[in-house]
Amino acid sequence: VDISHTDDGYCMVEYTGKSDKVKMQLVTPDELTYTYTLHTGFETFALTGGDGTYHVMVFEHAHDDQYTTALSEDFDVKIRDEFSPYLYPNQYVNFNAGCETVAKGSELAKPCSSDLEVVTNVYDYCFENITYDTRKAQSVESGYVPDVDEILHSGTGICFDYAAVMATMLRSQRIPTRL
C-alpha cells in the first residue's frame, strides 16, 4: 500500500502474491466500505471520504467464494484540497497524458471559455459518438474496469463506460468529476 499521495486524495495498492483472485476493501472515515477487484501492477484508489483514518484490507481467494486476509492496514489522511480525489486517474477512471481520450478532451475544451462549456462539449460528444452496447451490458462480469481509449475507439459502451470516458475527459482538463 503506497500512501505517499494521500494529501492529493488517493492511495495506490499493488498485489504481488500468487492468488488468481484478489479483492481489496477500502473503508472511509465515515465508515463507507468500497470493494474492488485487484488486477496487476499498482492501481489507484480515490480517498473520497475526506480527512480521517482509512482502513485497507487485501483478500486472497481461498476456495469457492471464500477469501483470506492478506493485509490489513490503517492510515491517516489530510487532503490538501477537497476536490483532489476527483481530479486524478484511478482504477475506474484510468488515464495518462498519452491517452486518446485525454487528447479528445483537450480538443473539446480548446474552444471553451468556461468549465460549463467544456462539460457541455464533452457530454454532447459522448452522447453523439458512443452508442449503448446491450450485448456487453448483458454479459459484463464483476470486476469489470473500463478501458477509456477502447471505448472511444469502438464507439460503444455501457453506462459505466460513458461515465469513465466523460470523467477522463473532464479530469484531464482539471475539472473535478465524481464517477
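Could we say that GLU128 is surrounded by fewer than 18 Cβ atoms within 10 Å (Cβ to Cβ) and at pLDDT 95 or above here? Yes. Checking each residue in region 1-48 for being touching a residue at least 24 places away in the same chain (Cβ under 8 Å), part of a strand (DSSP E or B), farther than 17 Å from ASN94 by Cα and not basic (Lys, Arg) picks out ASP2, VAL22, MET24, GLN25, LEU26, VAL27. Does region 148-157 contain any residue that is more than 15 Å from ASN90 (Cα to Cα), in contact with a strand residue (DSSP E or B) (Cβ under 6 Å, 6 or more places away or on another chain), open to solvent by less than 50 Å² (accessible area, probe 1.4 Å) and modelled with pLDDT of 95 or more? Yes: region 148-157 contains one or more residues that are more than 15 Å from ASN90 (Cα to Cα), in contact with a strand residue (DSSP E or B) (Cβ under 6 Å, 6 or more places away or on another chain), open to solvent by less than 50 Å² (accessible area, probe 1.4 Å) and modelled with pLDDT of 95 or more.
All conditions but one from (1) acidic (Asp, Glu); (2) touching a helix residue (DSSP H, G or I) at 6+ places or on another chain (Cβ under 9 Å); (3) more than 18 Å from ARG178 (Cβ to Cβ) apply to ASP64; the one that does not is (2).
So which helices (runs of 4 or more DSSP H) stay within region 57-156 end to end and still have 2 or more residues that are touching a residue at least 24 places away in the same chain (Cβ under 8 Å) and under 28 Å from HIS5 (Cα atoms)? In region 57-156, the matching helices (runs of 4 or more DSSP H) lie at 100-109, 115-129, 148-154. Annotation note: of ASP133, ASP147, the sole residue that is of a type in the set (Asp, Glu) and farther than 24 Å from THR40 by Cα is ASP133.
When the criteria are applied in full, ASN90 fails the requirement of being in contact with a helix residue (DSSP H, G or I) (Cβ under 8 Å, 6 or more places away or on another chain), modelled with pLDDT under 95 and polar (S, T, N, Q).
From the list VAL77, VAL58, VAL22, VAL13, the one residue that fits, being touching a helix residue (DSSP H, G or I) at 6+ places or on another chain (Cβ under 8 Å) and either among the charged types (D, E, K, R) or crowded, with 19+ Cβ neighbours inside 10 Å (or both), is VAL77.
Of the residues examined, THR134 is not one that is closer than 18 Å to ASN94 by Cβ and either surrounded by 11 or more Cβ atoms within 10 Å (Cβ to Cβ) or more than 19 Å from the chain's Cα centre (by Cα) (or both).
The values are calculated or read from the model by the stated rules, or taken from the named source; none is laboratory data. Please read these numbers as outputs of a predicted model, since none were measured by experiment. Glycine also receives a Cβ, built like all others from the backbone with ideal geometry; neighbour counts cover every protein chain displayed. In case anyone asks, the SASA skips ligands and DNA or RNA and just uses the protein heavy atoms, side chains included. Shrake-Rupley method; radii C 1.70, N 1.55, O 1.52, S 1.80 Å.
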